[in-house]
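Note sheet for the following structure.
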Amino acid sequence: MARFTLPRDLYFGPNAMAELKCLKGYKKAFIVTGGSSMKRTGFLDKLVNILKETGLETRIYEGVEPDPSIERVYDGAKAMREFEPDVIVAIGGGSPMDAAKAMWIFYEYPDKTFEDIKTPFTMPKLRQKAIFVAIPSTSGTASEVTAFSVITDYSTGIKYPLADFEITPDIAILDTEIPLTMPKKLTAHTGMDALTHAIEAYVATARSEFSDPLALKAISDIFDSLVDSYNGDSEARGKIHIAQCLAGMAFSNALLGIAHSLAHKTGAVFKIPHGCCNAILLPNVIQYNSRVCMERYAQIARFVGLPGATDKQLVNSLVDAVRDLNKKLGIAQTYKENGVSKSDFKANCEFIAENAVLDPCTASNPRATDKDEMLRVLTCSYYGEDVTF
Ligand code: NDP
Ligand code: MN
């Protein structure tokens, strides 16, 4: 038996936020957002106005930081318990969406702790108190359609991907006007996060007939439009907003691989944005995994029209295409070039490799791995070397 789960409703396109009038009949909306971007760009006010016109009382929880902490989650859950919403609306990047999902769990189950829910697919039944609406403002994490929430434990320096279809949102709003305000660097990093989701999902052990077409379409749209989106083309920006969501639908069900296992740990330790870590790791992870799934990567390369007569040539073309894309997006391709000193790397690489093996994403990677293998891939990504079988 296999399962494929998505939000019940998706509204998409310019001004899709107006469709929130579908919430008529609900009483109280608790809005979770990040620092200031949604307020500054006017989207937060717009959201509040639509909800008020629809007859909902609103409360705003602001200030979710990038890579939200366990403490942030408990604080937000407490504020939810005070307000008692029947709708939770997260607006912003992956960080506020993920924080809101985790707050939702502790709002519904105040007696649970982080320890109780961190084992994947063991969450209690949600929606006893509220439904969940997600409005992404970045084009990468696809948290609006996924069963994941990534929360960082800063006391141990580890990022935990919480996972359960219980936290898949009920409604996703892909308003293509919102990502237009993203600065270039954010567009590049989040876009590479989305590409990594789609490529990892296409080769992951839990992939299926349902996830494959979503992953392929996302990959080709990202190769077609990410550079234009980065350079400010608004049509391309909208296309990538949809493509990252297709990638999310794929990976929420097919799961991911060791690019994400390593990205979760290196992001927390070296303080490098999640999408940037993926952009650095992806070429090396393709090389490493190609030993067991060369044919699958070759299918991707063929689908997006890359050159090559043999599967091996096609895989090399895919690796080159990812590196070329990074270059066009102004992303430095190694940890070293991203400012991680040799001593910092040496002091942390064993810890990172060890914990990356334990990351839930490792289980669905197509090639089995261990600490030494993780370290090998990570070291190549530090210096910018090729991973040979
Ligand atoms: P963040 O949500 O961390 O946001 C990064 C920055 O972008 C913030 O400073 C934010 O500002 C700003 N910002 C957001 N939207 C806009 C906009 N439209 N215009 C201008 N600035 C904007 O970034 P990501 O979306 O990349 O999320 C990363 C997080 O998601 C990581 O913690 C990662 O681990 C997680 N993740 C979750 C997944 C999932 O399935 N749940 C999958 C992959 C990653 P401000 O704070 O002021 O709003
Ligand atoms: Mn990701």
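All of the numbers you see were taken from the coordinates with simple rules; none came from a lab. Small disclaimer: the values here were computed from a predicted structure and weren't measured. Neighbour counts run over all protein chains shown; Cβ positions are idealised from the backbone, glycine included.
Numerical summary
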| read-out | value |
| --- | --- |
| The range 240-253 - phi-based ³J(HN,Hα) in whole Hz, Karplus 6.51/-1.76/1.60, Gly and Pro as x | 5, 4, 6, 4, 5, 6, 4, 4, x, 4, 5, 6, 4, 9 |
| Quarter of the Cα convex hull surface for the chain, i.e. its orientation-mean projected area (nm²) | 17.4 nm² |
| 28 Å tail of the calculated P(r), the range 9-179, as % of Cα pairs | 14 percent |
| Total charge dipole magnitude, the chain, about the Cα centre, Cβ charges on Lys, Arg, Asp, Glu only, Debye to nearest 20 | 240 debye |
| Extreme residue, positive dipole direction of the chain, given options Ser139, Pro179, Pro85 (C-beta unit charges) | Pro179 |
| Amide H contacts under 5 Å for Val32, placed H, 5+ residues apart | Tyr61, Val89, Ala90, Ile91 |
| Furthest towards positive pole of dipole, Cys245, Ala204, Pro366, structure part the chain, Cβ charges | Cys245 |
| Radius 13 Å from Cβ of Asp372, net charge of other residues (Lys, Arg +1; Asp, Glu -1) | -2 |
| Candidates per trypsin sites (Lys or Arg not before Pro) in the range 108-182, loop by DSSP, up to 12 other Cβ within 10 Å | Lys125, Arg127 |
| Other-chain or far-sequence residues with amide H under 5 Å of Ile131's (modelled H) | Val87, Ile88 |
| Stretchable slack from Glu62 to Thr379, in nm (0.36 nm times residue separation minus alpha-carbon distance) | 110.3 nm |
| Neighbour-count order for Leu325, Leu214, fewest beta carbons within 10 angstrom listed first | Leu325, Leu214 |
| Under Karplus coefficients 6.51, -1.76 and 1.60, residue-wise ³J(HN,Hα) of the range 220-227 in Hz, glycine/proline x | 5, 5, 5, 4, 6, 10, 5, 5 |
| Relative contact order of the range 19-113, pairs being alpha-carbon contacts under 8 Å that are 6 or more residues apart, as % | 37 percent |
| Tyr160 long-range amide H proximity, modeled H, under 5 Å | Ile151, Thr152, Asp153 |
| Scattering curve values for the range 182-383, log₁₀ I(q)/I(0), Debye with Cα scatterers, q = 0.09 Å⁻¹ | -0.30 |
| Too-long pairs where the Cα-Cα distance tops 23 Å, listed order kept, from Lys21/Lys46; Lys239/Lys265; Lys118/Lys342 | Lys239/Lys265; Lys118/Lys342 |
